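The values are calculated or read from the model by the stated rules, or taken from the named source; none is laboratory data. Since we're looking at a predicted model, the values are computed, not measured. A quick note on method: Cβ atoms are made from the backbone with ideal geometry, for glycine too, and the neighbour counts reach across all protein chains shown. The protein model used for the area step is the full one, side chains on, heavy atoms only, and it has no ligands, DNA or RNA in it. Shrake-Rupley method; radii C 1.70, N 1.55, O 1.52, S 1.80 Å.
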Amino acid sequence: MARDIIIKSVEDIAMSRRAAQLAAAVLAMIEPHVVPGVSTDELDRICHDYIVNVQGITPANVGYLGYPKTILTSVNQVVCHGIQSVAHREHFSVVREYCGHGIGAYAPV
């Protein structure tokens with residue numbers, strides 16, 4: 001099975017870099033909010049508000065294959081990302097988040 005190799009232009013790489021910088025800014029912004037007692041749904045709301053109202057873009061995850069949220073989150077020993085929950089308020093020691101930023105057809109990779 002042959003695959004086509006797509007050579008990215010300088011502009012393509014710049015847009016991907018910008019998308020990655022925006023995603024990194026969201027992760028830096030949300031870090032102080034990741035505390036015991038906060039729900040993953042609340043973290044999602046904060047990220048969504050920041051991406052839309054501060055960064056002025058549309059989160060790439062919302063609506064992708066029907067996904068309803070802005071970020072993908074997993075806590076503690078959970079290996080896969082999950083949809084946020086208002087009921088998830090356990091004490092977590094590790095939180096993994098992914099937020100996707102689409103700028104046109106570009107996303108951080």
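Of the residues in region 12-39, how many are assigned to a loop (DSSP other than H, G, I, E, B) and open to solvent by less than 30 Å² (accessible area, probe 1.4 Å)?
So in region 12-39, the residues assigned to a loop (DSSP other than H, G, I, E, B) come out as 34-39.
Going one step further and asking which of them are open to solvent by less than 30 Å² (accessible area, probe 1.4 Å), we end up with 38-39.
Count: 2.
Which residue out of 50, 98 is modelled with pLDDT under 60, surrounded by 12 or more Cβ atoms within 10 Å (Cβ to Cβ) and among the hydroxyl-bearing types (Ser, Thr, Tyr)?
98
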